[in-house]
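See structure below.
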Amino acid sequence: MNASPAGFPRSRRYLRPAILALVSGLALPLAANAAALFSDDFSTGDISSWTTAGTVDAYNSESIRLRGTSTASRAVSTAGYSAVSVDFVMSAASLENGDFCYAEISTDGGSSWTTALTVANGQDDGSLYSASAAPAGIDNNPQIQLRFRGSGATTGDYCYGQSVTVTGTGGAPTDPDIAAPASLNFGNLASGSSGTLTATIGNSGSADLVIGSVGAPAAPFSIGANNCSTVTPGGSCQIDVTFAPGADGSYSSSLTINSNDPDEASAVISLAGSASTGGGSVQDFDPLNGSGAVSRSALTFNTLINGSDPGVLLDYSNYALPAGAAMPSNHFEGSLELFGEATGGVFDEHKDSFRYTGNGDTTRKHLPEFNFEFVQTGSHIFPVQRGSIPSSHPEWEYVLTPGRVWNESGDSGYSRVALPFALQQKNANCIHNGVMTFLFKDDGSVSDVAYQIAGETCLYFQVDMWGQLDASYTPHSVSNAAALTADYQAEVSGRLPVKPLSALATDYPGTDPNKFAAPSGKDPANMSLVGFVIDGTHYVGGCATRQGTYPYCEALPVPSYSSAKSVFAGSTLMRLEQKYPGSFNQIIGNYVPDCASSGNWDDVTFGNALDMATGNYNLSGYMSDEDATHTDNLFLPEDHASKIDYSCTEYSRKATPGSTWVYHTSDTYVLGTAMNAYLKGIEGSSADTFSDILVSEVLAPLGVSPTAKFSRRTYDSVAQPFTGWGLMWLRDDIAKIGSFYAGASQSVLDQSELDAALQKDAGDRGLEPLADYKYNNGFWAHDIGADLSGCSSPLWIPFMSGYGGITVLVLPNHSVYYYFSDDDDYHWLDAAVAAHGIRSLCQ
């Protein structure tokens, strides 16, 4: 190092007058009509307008300081200006050979960057360096980006952005430019129903677009919500259009939008739709190529139509999409309701080692009330509601996921549906997976619904349930069906490419797929899902049940249990740290009154709680405090007041916060409560860490399913997310989330804290729950260096873990291995060694 790791020497703070003089002397003279479009010398100490990643702060009210590989960027518009130029001034400290500080410009919104100024080792003594740049495309551009960036190899390297100024000539706004869709097509609806589509109106010009009037279309089209008035450059507004045909036929009209766009004063959007008594037409989405010739001995047309319940469990192949399936001739859109749920069906218990006792618990043996909306697109059908759906049933809640629709020649003109579903225990995590099947027609004709459950991801409660119930189908237009359909089609097309685990032997010769399918002798019968992701391909297995392989593995939901401590608690706090530096050091007692009153949380930081190191505990032995004697008081109450009172007061102060690891799910619940209050204080009372931070800013950009955008919450008006447990995922969600952590780079989470969580920072391994194990920022890690050829010990492998047998490995060769099982077995070394054989794990 060439300077103190803390940054510049003390004399650095007196450089402000010299900086101003030097900047003035070095800046290019402005043309007579030049204007300063943007300028920041960081003298106010406020850097909140800059988007930062890594460790970035305001230094002495004279610069923006970046440590290591951190970045700070912001957008500036040059719309209406020409001869635009950007002037940067930078300095540096503690650089080593190969370390650099950069000032950069992007003219395409951040997709690519032009380096304007570089400061290197030997230039890191506090001297100021400046440069001007005007890359192609910078003029009249509403989306240029300015960035300071460090590329230091250690966190002791510092880059200082001293000032940046953008100048240009002109300044008179040019023209607005309206951007509107050419048409809206509502497709075919049932007569008497309605549908709504949204027209998004944009402004691609460089002056305000003023919407004057919107001409009303002819009936049965009408304008609904309309927030279009003045649209700033690069902005947009929305106009809702409703189509409500009262009779069969084809309809067309147009929507005319008048504005101040000089070359398109009236933008016209064509409207089209049709209606028929029979309902919608079948889309050509994921077409089936079979003839419909299917040989079927179970769940036949007569069995379902005539109500002749076979009364036995079946192999799940009878619920699967058969090879000869033809495209459906009927279109399902509306509500499916079941009857007799509370008394119908059969129940067979295999294991009950925790919650249920006695013979009087009859409600758990039957399905909850079922009445839900579904929408069909081509050969697929999906529920409008995803996640765990609250119900009045004392034991169960439904989790609905997408299924399939097809025709068989023996079904007399009906189309056949298979609906994957699951039962989740109320206020808990276990998921029991099943499938429903039935026949229907456009006119609302429907058969009985047969169902069965013969598998679960649940250590303590394992049962079979099956039966056949009366049903009704009410065809009707589902609100926002077109947008829901588009979203679902995007979900399916956005899934990672899938191959069976067996394909690893071909794609990577010498690889033994069994090391992934059953590592260290794990019984495949206990595997709900297992997968390995490498080089963009998702190799999958599992889906074992007591009645054969589950036929819709892509739609099988699994619970998170404590892997949510990594994904929810860890990612949310790391995202908050990236957005609001210092979040890790916030004090729990300042945000959770229940904890503040106990007196044990006034020196416990958010980071301490994430690390399971609050210093508050009863017994320090491994998992000694996390037993049913204590945790029932956290898991069983359905209201926030009971959960937070227990979490704040159950344990007394025994150690200095940050010094001793003691596992408490309640600590993560406290952290979730504190983070929510912290975010509300910054972003407003309606802010929510799960929906506004984790989902919107971390998970949604990964393309996860709606199932992954759900968290269990308390049942009261507080609706507090559980944080440490209560998420659920489909297998594609697991692959995408794991790949996000295993990726080479990201700009969403605080990089230094993520590096610590993933054992990339040798100076911050975390605490040690057990020999050769670490716990840091919600992630576990295990040292397997001695087990791998070519690696020097230690080699810490980060992973997520959940109750009952859940493991997600984030491997340093940018691959991911996971399994969700219910055998309470956590062996995964065979899979890690096999992954090392494909590509070295050595760091």
Contacts under 7 angstrom Cβ, first residue in segment 587-600 being open to solvent by 30 Å² or more (accessible area, probe 1.4 Å), partner at pLDDT 95 or above and of a type in the set (Phe, Trp, Tyr), 6 or more apart
TYR591/TYR678
Options THR506, THR485, THR511; residue that is open to solvent by 40 Å² or more (accessible area, probe 1.4 Å) and not hydrophobic (A, V, I, L, M, F, W, C):
THR506
Given the residues THR362, THR377, which is the only one that is of a type in the set (Val, Ile, Thr) and over 29 Å from the mean Cα position of the chain (by Cα)?
THR362
Please indicate, with yes or no, whether at least one residue in segment 686-707 is more than 21 Å from SER659 (Cα to Cα), more than 19 Å from the chain's Cα centre (by Cα) and open to solvent by 10 Å² or more (accessible area, probe 1.4 Å).
yes
GLY738 being within 28 Å of GLY542 (Cα to Cα) and either open to solvent by less than 10 Å² (accessible area, probe 1.4 Å) or of a type outside the set (Lys, Arg) (or both)
yes
How about segment 234-275: which of its residues are open to solvent by 30 Å² or more (accessible area, probe 1.4 Å), aliphatic (A, V, I, L, M) and within 15 Å of GLY202 (Cα to Cα)?
ALA265, VAL268
Among the residues of segment 394-410, is there at least one that is farther than 18 Å from ASN371 by Cα, of a type in the set (Gly, Ala, Ser), touching a residue at least 12 places away in the same chain (Cβ under 8 Å) and surrounded by fewer than 20 Cβ atoms within 10 Å (Cβ to Cβ)?
yes
Please enumerate the residues belonging to segment 451-481 that are more than 26 Å from GLY804 (Cα to Cα), open to solvent by 20 Å² or more (accessible area, probe 1.4 Å) and of a type in the set (Phe, Trp, Tyr).
none
Starting from segment 658-669, keep only residues that are in contact (Cβ under 8 Å) with a residue 60 or more places away in the chain, then list their pairs with residues that are surrounded by fewer than 21 Cβ atoms within 10 Å (Cβ to Cβ) and among the aliphatic types (A, V, I, L, M) whose Cβ atoms are within a distance under 6 Å, requiring at least 6 positions of separation or different chains.
TRP661/LEU767; TYR663/MET623
In this structure, is TYR669 in contact with a Gly (Cβ under 8 Å, 6 or more places away or on another chain) and hydroxyl-bearing (Ser, Thr, Tyr)?
yes
If you check SER317 against the conditions, is it in a loop (DSSP other than H, G, I, E, B) and either β-branched (Val, Ile, Thr) or surrounded by fewer than 14 Cβ atoms within 10 Å (Cβ to Cβ) (or both)?
no
Enumeration of residues in segment 196-225 that are open to solvent by 50 Å² or more (accessible area, probe 1.4 Å) and outside any strand (DSSP E or B):
SER204, ASP208, ALA216, ALA218, ALA219
What's the number of the only condition in (1) closer than 27 Å to LEU529 by Cα; (2) touching a helix residue (DSSP H, G or I) at 6+ places or on another chain (Cβ under 8 Å); (3) open to solvent by less than 10 Å² (accessible area, probe 1.4 Å) that LEU439 fails to meet?
(1)
Yes or no: segment 377-384 includes at least one residue that is open to solvent by 60 Å² or more (accessible area, probe 1.4 Å) and either among the charged types (D, E, K, R) or touching a residue at least 24 places away in the same chain (Cβ under 8 Å) (or both).
no
Name the single residue that is surrounded by the most Cβ atoms within 10 Å (Cβ to Cβ) among those in segment 624-674 being assigned to a loop (DSSP other than H, G, I, E, B) and hydroxyl-bearing (Ser, Thr, Tyr).
TYR651
Since ALA116 meets every condition but one in (1) of a type outside the set (Phe, Trp, Tyr); (2) in a loop (DSSP other than H, G, I, E, B); (3) crowded, with 17+ Cβ neighbours inside 10 Å, which condition does it not meet?
(2)
Let me confirm something: among GLN759, GLN843, which residue is of a type in the set (S, T, N, Q), touching a Pro at 6+ places or on another chain (Cβ under 6 Å) and open to solvent by 10 Å² or more (accessible area, probe 1.4 Å)?
GLN843
Do you know which residues across segment 719-729 are crowded, with 24+ Cβ neighbours inside 10 Å and aliphatic (A, V, I, L, M)?
LEU727, MET728
Residue check: is ALA418 open to solvent by less than 10 Å² (accessible area, probe 1.4 Å) and more than 25 Å from the chain's Cα centre (by Cα)?
yes
Pairs under 6 Å by beta carbon, first residue outside any strand (DSSP E or B) in segment 449-471, partner open to solvent by less than 20 Å² (accessible area, probe 1.4 Å) and of a type in the set (Gly, Ala, Ser), six or more apart or different chains?
LEU459/GLY804
List every residue pair whose Cβ atoms sit under 6 Å apart, with the two residues 6 or more apart in sequence or on different chains, where the first one lies in segment 298-317 and is within 17 Å of ARG546 (Cβ to Cβ) and among the polar types (S, T, N, Q) and the second, anywhere, is open to solvent by less than 60 Å² (accessible area, probe 1.4 Å) and outside any loop (DSSP other than H, G, I, E, B).
SER317/GLY548
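The values are calculated or read from the model by the stated rules, or taken from the named source; none is laboratory data. Worth saying up front: this structure is predicted, and the values here are computed from it rather than measured. Virtual Cβ from ideal backbone geometry, glycine too; neighbours counted across all protein chains shown. All accessible areas refer to the heavy atoms of the entire protein, side chains included, with ligands and DNA or RNA removed. Shrake-Rupley method; radii C 1.70, N 1.55, O 1.52, S 1.80 Å.
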